[in-house]
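Only one structure is covered here, and it is reproduced in the block below.
The values are calculated or read from the model by the stated rules, or taken from the named source; none is laboratory data. Everything numeric here is computed off the predicted structure, so don't read it as measured data. Note that we place each Cβ from the backbone using ideal geometry, even for glycine, and neighbour counts take in every protein chain shown.
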Amino acid sequence: MAHYTELTPAALAEACARFGLPPPDRVQPEPRGRVNTSYHLWCGAERWFLRLAEAASEADVRFEAEVQRYLFQARFPVPRLVTTTAGQPFATVGGKPAMLFAYAPGEEVARADAGPERCRRIGEQLGRLHELSAGFTLERANPYGAARVAGWLAELGDGGADAEVRGALPLLQEELAAAATLPGAPRGLCHGDLFIDNVLWLGDRVGYLLDWEMSCTEAFAWDLAVAVDAWCWRGGHDHLRAVALVEGYRSRRKLEPETVAALHAHARAQALRYAVGRLRAFPGGPPPGGQVVWKDWRSYRDRLTALRSMGEAGYLRLLGLAR
């Protein structure tokens, strides 16, 4: 369980009061995730979701709140963010910035069930997000760009006793050098982490897109590549899913030639980011006791290897953008 800040009943009641709610009748910690502490709260007849940002700065939280506010007003499928009684987007709870959301109903889908039609719908939402970004004026640099990844990779040193990590280091270092000079491409508001478990479904319809803490100003090619690798990988890239996702995207937003030309480079960069990020988070493999949901770095090493092998032309064929 990713649960770092334990709040007493009194602290939870005080937190609820900051948002104009009565003390909770029921509290359930949220066991998923790795970075933040979260609680489901039942206050009266309503359900809420309280999230404490364990590592984000107040500036990061304010940016995320503005993203949520803008998209909610645009009728994009995000949960409603609740402001405090003082009109602020977060309260300090347990010494951490805490955001409160109205409960978002829906179900996750398993990877096996995230077939082409669901991928098409994800592409539609991503295209709509990027189209809406034209009206969003705030900016935030990608917090997980090449400089951050370089720092993570430096922390790994020579890989220690793990032969598999040592064997992967030349690949990761080579890709880091390539990621330092990514091609220019149209940019705007991006989700940054559109994984399968960040989407709730109402039947076969997208109910909510969650977890906007990685949202930033980045190349649209980056965001699209993240989604393709997240939704269209089944031990190898699934051509039907990838084509459907891109077709869904193009039904809501035109893919500029510059974005198409940048896709493969950004796909490799995001695969590097997730491989190194997961390796850093779980250097010794699965944590004991199942306290945190383990994410295997090797799955993104394998994606990166596949992307390198297929080359730019092969990647565009995978996406249905070239013959």
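One table, with the values for the structure above:
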| read-out | value |
| --- | --- |
| Of all residues in region 4-50 being of a type in the set (Lys, Arg) and in contact (Cβ under 8 Å) with a residue 24 or more places away in the chain, the one that is surrounded by the fewest Cβ atoms within 10 Å (Cβ to Cβ) | Arg32 |
| Which listed residue is at pLDDT 95 or above, at negative phi and surrounded by 22 or more Cβ atoms within 10 Å (Cβ to Cβ), from Ala269, Ala261 | Ala269 |
| Lone unmet requirement of (1) within 16 Å of Gly311 (Cβ to Cβ); (2) of a type in the set (Gly, Ala, Ser); (3) out of contact with any strand residue (DSSP E or B) (no Cβ under 8 Å at 6 or more places or on another chain) for Ala262 | (3) |
| Members of region 252-285 that are farther than 21 Å from Leu176 by Cα and outside any helix (DSSP H, G or I) | Arg253, Lys254, Leu255, Glu256, Gly284, Gly285 |
| Matching entry among Gly115, Gly95, Gly87 (being under 30 Å from Arg301 (Cβ atoms) and surrounded by fewer than 16 Cβ atoms within 10 Å (Cβ to Cβ)) | Gly115 |
| Candidates Thr181, Thr217 - the one that is among the β-branched types (Val, Ile, Thr) and under 25 Å from Phe136 (Cα atoms) | Thr217 |
| Output for region 118-150, where each listed residue is among the polar types (S, T, N, Q), surrounded by 15 or more Cβ atoms within 10 Å (Cβ to Cβ) and part of a loop (DSSP other than H, G, I, E, B) | Asn142 |
